[in-house]
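The values are calculated or read from the model by the stated rules, or taken from the named source; none is laboratory data. Here the structure is a predicted model, which means the values were calculated and not measured. With ideal geometry, Cβ positions are generated from the backbone for all residues, glycine too; neighbour counts draw on all protein chains shown.
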Amino acid sequence: MFRIRRIFDDLLPVNKHALEQVNSLLRRQFSDLEQYKIDRIPEVLRHPLKYGFRTILYVAEDQRHNLHGLALLDHDAELSFCFLDYLASHPGFSGRGAGGALYDRVRREALSLGVSGIFLECLPDDPALSRDPEIRKQNEKRLRFYERYGARPIAGTAYETPVTPGADNPPYLVYDGLGRKEPLEAAYLKRVVAGILEKKYGDLCTPEYVRKVLDSISENPVRLRPYRYAKARVVEERSARSTAELEKIALVVTDQHQVHHVHERGYVESPARIRAILPELLSTGAFLQIKPSHFSEEHIAAVHCREYLSYFKKVTREIPENVPLYPYVFPLRNRARPPVELPVRAGYYCMDTFTPISRQAYEAARRGVDCVLTAAREVLSGRKMAYALVRPPGHHAERGFFGGFCYFNNAAVAAHYLSAFGKVAILDLDYHHGNGQQDIFYSRSDVLTLSLHGHPRFAYPYFSGFADEKGEGEGRGYNYNYPLPEKAEGSLYLETLRKGLQEMRRFSPAYLVVCLGLDTARGDPTGTWSLGARDFTALGKAVGFLKVPSLVVQEGGYRIRSLGINCRSFLLGLRSGMEE
């Protein structure tokens with residue numbers, strides 16, 4: 001098994017290790033590639049416009065960080081095209097699908113950038129251009145691979161003319177239109193080819209050679225070579241389906257939330273919340289539902305105390321079916337003397353009297369963590385947006401305490417997981433303060449925490465969320481709270497959010513985790529504000545303008561009638577902001 005992720009720089013140890021393996025694989029697979037071009041990859045990742053293209057690197061790696069493959073993509077924003085520099089699989093892991101998975105990610109990236117298509121070079125399968133049968137067989141294999149996606153050599157040009165007369169295996173220029181039907185115009189192709197030859201091969205191609213190639217592009221629209229290795233109809237239908245899926249928002253829905261259902265009057269955190277949201281999202285056709293994977297409990301232990309984790313797991317096994325346990329004794333927390341009896345000890349780990357422990361609470365909370373990590377993996381793999389529809393929520397769960405209907409801090413688990421690969425910002429948009437993330441990351445500078453919420457003088461959890469709580473130690477200046485008045489309209493909320501987003505831009509995160517609380521909506525039984533669907537669209541759009549890969553995690557929101565439309569409005573607004 002492998003995962004695919006994007007590498008933004010060489011600052012983190014895990015990225016340095018990956019880049020060392022990238023260096024080794026490129027030297028091994030491309031013996032003619034000059035070493036200086038390999039050596040400058042970290043530099044072009046840190047300074048992506050230095051050489052005229054923005055360079056994007058994806059790697060396929062296993063859980064031990066062994067490299068299975070790589071894809072190096074260049075983006076020309078001015079001409080709106082991508083050029084695939086290298087796609088390589090490690091020979092020790094061949095046949096495991098890394099090449100196909102990497103090219104899928106490359107196509108997804110290109111679609112998200114809104115480019116005309118992907119250009120790449122492939123060595124020829126024509127005996128007149130490739131004289132060695134063994135080499136030609138490998139060339140055919142590569143061309144067959146790309147043809148599965150509808151990518152084919154551009155016909156009728158002199159691009160494959162050898163720079164050195166008589167040289168063997170001059171490359172074809174191959175074009176992948178990403179499943180679209182738009183024709184490739186000759187004038188546009190000339191500009192693209194000029195960009196490729198002058199920026200990438202300026203040290204090899206003379207002005208006369210470039211002019212010869214450009215003058216050969218005369219047919220309009222440009223022709224692609226007919227399908228040679230597959231049936232056109234099958235490829236085009238599959239490519240269109242694949243393109244449609246790649247453009248969708250990843251949706252991971254908890255499949256075990258309903259087991260945690262406290263049947264008591266006034267307990268608003270119910271399974272009806274999921275049932276209210278899911279149909280609204282699926283009806284749009286904008287989401288791709290992904291089944292949650294199972295992850296190690298170590299991800300939870302990374303942000304929660306092991307003592308609390310052990311207790312929570314143990315106490316749920318001893319609670320009778322359908323008899324929830326409410327904390328009722330809250331001892332002064334002497335860490336050396338926790339209460340012996342498990343039911344009594346509940347108050348030792350809880351912050352309030354209204355968050356019960358049911359027999360299935362651990363199971364439901366544990367599966368919520370699986371969901372957010374599955375969604376985080378999608379973002380890590382290059383998807384621009386993912387949404388984890390989970391319950392119970394998590395943003396009130398601190399390192400060693402539960403409360404506010406929350407047991408494990410889903411957003412914090414995901415943020416810590418992502419922080420191994422780049423800086424992370426957590427944006428909490430719930431009516432109530434995101435005290436859990438604040439507690440967990442208060443001394444860290446690699447995770448920025450920011451929360452908009454009702455002022456603690458009237459809103460839960462009452463003891464945190466003040467504006468002067470800025471972090472401590474290394475985390476000083478990396479925690480921001482924006483407490484708002486008891487009555488707030490959408491305009492005030494949006495104005496305050498924009499202030500917070502300015503702090504995020506200064507922090508420049510690689511990933512964003514959004515705690516989406518829909519209890520800011522008009523009529524919510526736990527809030528006092530009046531946001532409507534249009535406000536949620538505007539909020540999502542403002543966040544989307546950050547252009548940061550984003551994981552949205554469901555938190556509060558208890559007005560069943562408006563939950564779905566408000567959630568849909570925020571998520572589609574977020575996507576709209578990213579695409580503008």
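A few notes on this one:
- For the criterion of being buried (at least 19 other Cβ atoms within 10 Å of the Cβ) and in contact (Cβ under 8 Å) with a residue 24 or more places away in the chain, Leu512 passes.
- Residue within region 160-182 that is part of a helix (DSSP H, G or I) and of a type outside the set (D, E, K, R) present: no
- Top-ranked residue of region 454-500 - restricted to ones that are over 23 Å from Cys350 (Cβ atoms) and of a type in the set (Lys, Arg), ranked as farthest from the chain's Cα centre (by Cα): Lys487
- Residue check for Arg191: within 26 Å of Arg107 (Cα to Cα) and in contact with a helix residue (DSSP H, G or I) (Cβ under 8 Å, 6 or more places away or on another chain): no
- Number of the condition not met by Gly114 [criteria: (1) touching a helix residue (DSSP H, G or I) at 6+ places or on another chain (Cβ under 8 Å); (2) surrounded by 15 or more Cβ atoms within 10 Å (Cβ to Cβ); (3) on the phi > 0 side of the Ramachandran plot]: (2)
- Selected residue (criterion: surrounded by the fewest Cβ atoms within 10 Å (Cβ to Cβ)) from residues of region 370-405 that are in contact with a His (Cβ under 6 Å, 6 or more places away or on another chain) and over 20 Å from Ser296 (Cα atoms): Gly403
- For region 75-101, filtering for residues that are more than 17 Å from Leu246 (Cβ to Cβ), in contact with a helix residue (DSSP H, G or I) (Cβ under 9 Å, 6 or more places away or on another chain) and among the aliphatic types (A, V, I, L, M) leaves 3.
- Glu140 vs. criteria within 24 Å of Val234 (Cα to Cα), of a type outside the set (Lys, Arg), in a strand (DSSP E or B) and at pLDDT 95 or above: no
- Residues of region 394-417 classified as part of a loop (DSSP other than H, G, I, E, B), touching a helix residue (DSSP H, G or I) at 6+ places or on another chain (Cβ under 9 Å) and in contact (Cβ under 8 Å) with a residue 60 or more places away in the chain, total: 10
- Some residue of region 15-23 being assigned by TED's automatic domain parsing to the domain that holds Asn139 and farther than 30 Å from Phe295 by Cα: yes
- Ala155 vs. criteria in the same structural domain as Asp85 (by TED's automatic domain parsing), at pLDDT below 95, more than 36 Å from the chain's Cα centre (by Cα) and of a type in the set (Gly, Ala, Ser): no
- Helices (runs of 4 or more DSSP H) lying entirely in region 1-72 (those with 1 or more residues that are among the small types (Gly, Ala, Ser)): 13-29
- Summed over region 418-446, residues that are crowded, with 24+ Cβ neighbours inside 10 Å and not in a loop (DSSP other than H, G, I, E, B) total 12.
- Contacts under 9 angstrom Cβ, first residue in region 102-128 being closer than 9 Å to Leu246 by Cα, partner in a loop (DSSP other than H, G, I, E, B) and of a type in the set (Ser, Thr, Tyr), 6 or more apart: Asp104/Tyr149; Arg105/Ser381; Arg107/Tyr149; Arg108/Ser381
- Test: residue in region 350-369 that is modelled with pLDDT of 95 or more and closer than 30 Å to Ile7 by Cβ: yes
- Taken as a whole, the structure places Gly403 among residues that are touching a Cys at 6+ places or on another chain (Cβ under 6 Å), small (Gly, Ala, Ser) and within 19 Å of Val268 (Cα to Cα).
- Exactly one residue out of Val193, Val210 is assigned by TED's automatic domain parsing to the domain that holds Lys141, of a type in the set (A, V, I, L, M) and either touching a residue at least 24 places away in the same chain (Cβ under 8 Å) or within 30 Å of Ile290 (Cα to Cα) (or both): that is Val193.
- Residue in region 233-246 that is among the acidic types (Asp, Glu), modelled with pLDDT under 95 and buried (at least 19 other Cβ atoms within 10 Å of the Cβ) present: no
- Among residues of region 546-564, those that are hydrophobic (A, V, I, L, M, F, W, C) and over 18 Å from Tyr387 (Cβ atoms), counted: 1
- Region 541-568, residues that are assigned to a helix (DSSP H, G or I) and among the basic types (Lys, Arg): Lys541, Arg561, Arg568
- Only one entry of Arg383, Arg391, Arg367 meets the criterion of being touching a residue at least 40 places away in the same chain (Cβ under 8 Å) and out of contact with any strand residue (DSSP E or B) (no Cβ under 9 Å at 6 or more places or on another chain), and that entry is Arg367.
- Among the residues of region 73-87, those identified as over 16 Å from Val174 (Cβ atoms) and within 23 Å of the chain's Cα centre (by Cα) are His75, Asp76, Ala77, Ser80.
- Inside region 216-232, residues that are surrounded by 11 or more Cβ atoms within 10 Å (Cβ to Cβ) and free of Cβ contacts under 8 Å to residues at least 40 places away in the same chain make up a count of 3.
- Options Ala459, Ala538, Ala467; residue that is farther than 21 Å from Gly394 by Cα, in a loop (DSSP other than H, G, I, E, B) and either in contact with a Cys (Cβ under 6 Å, 6 or more places away or on another chain) or among the aliphatic types (A, V, I, L, M) (or both): Ala467
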